Amino acid sequence: MDGRPNQMFRERVTESFSRQKVMATIGAELTSVEYGVVEIEMPFSADFTQQHGFLHAGILSTALDSACGYAALSVMPEDAAVLTIEFKINLLSPGRGERFLFRGEVTKPGSTIIVSDGRAYAIGDGPAKLLASMTGTMMVIKGRQDLAG
């Protein structure tokens with residue numbers, strides 16, 4: 001990594017995101033792609049809640065993992081793909097809101113391992129509320145024809 005953005009990073013992230021069926025299933029949309037920073041949003045749906053009516057931690061983790069992974073992909077070379085190899089999530093507040101915002105940002109780029117941090121927010125009346133934070137470790141994958149972006 002030489003610190004210079006790949007000129008096609010937005011297109012690569014957008015195209016890869018479109019292949020993620022799980023994101024479509026939960027109604028998540030890619031709303032912002034910058035070099036090293038990605039945002040995903042989704043509306044509230046009772047279909048993705050746990051027994052108390054809060055957004056299920058598994059759904060929240062899934063969306064944050066994607067945001068962190070795509071932030072990492074945005075700084076990778078054109079011939080690389082991304083795979084999560086580890087993440088840690090802190091659930092800070094119950095998932096209640098009209099919409100949810102998941103922001104991933106590269107904290108430490110590297111040629112084989114990239115660390116991204118993520119934050120999940122509930123959006124509704126009033127200021128956004130922080131729901132969770134995540135630190136994810138992403139692996140740069142090269143030379144695998146079965147993996148793209």
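Suppose every K and R has +1 on its Cβ and every D and E has -1 on its Cβ; what is the size of the dipole of the stretch 9-142 about the Cα centre, in Debye to the nearest 20? Provide the component values of the computation, followed by the final result.
Working: 12 positive and 15 negative charges, 50 e Å.
With only Lys, Arg, Asp and Glu charged at Cβ, the dipole is about 240 debye.
How far, in nm, would the chain grow between HIS56 and GLU34 when pulled straight, counting 0.36 nm per residue and subtracting the alpha carbon separation?
Result for the pair: 5.1 nm of gain on full extension.
What do you get for the angle between helix 57-74 and the principal long axis of the chain? Use alpha-carbon atoms, 0 to 90 degrees, nearest ten.
That helix lies at roughly 30 degrees to the long axis.
For the stretch 9-142: lysine pairs with Cα atoms under 24 Å, gap of 8 or more or different chains, count?
Numbers: LYS21/LYS88; LYS21/LYS142; LYS88/LYS108; LYS88/LYS129; LYS108/LYS142.
Number of lysine pairs found: 5.
Normalise the Cα radius of gyration of the stretch 9-142 by 2.2 N^0.38 Å (N = residues in it) and let me know the number.
That works out to 1.00 for the stretch 9-142.
For GLU41, what charge total do you get from the other residues with a beta carbon under 10 Å from its beta carbon, if Lys and Arg give +1 and Asp and Glu give -1?
In short, 0.
Counting other Cβ atoms within 10 Å, keep those with at most 14, restrict to DSSP loop, and tell me which GluC sites (Glu not before Pro) in the stretch 71-149 are left.
The qualifying sites are GLU78, GLU98.
Compute log10 of I(q)/I(0) for the stretch 67-149 with the Debye formula, placing one identical point scatterer on every Cα and leaving out solvent, at q = 0.16, 0.18 Å⁻¹, to two decimals.
The calculated log intensity ratios at q = 0.16, 0.18 Å⁻¹ are -0.62, -0.73.
Bear in mind these aren't lab numbers, they're just calculated from the coordinates by the rules spelled out. Values in this document were obtained by computation on a predicted structure and should not be read as measured data. Glycine also receives a Cβ, built like all others from the backbone with ideal geometry; neighbour counts cover every protein chain displayed.
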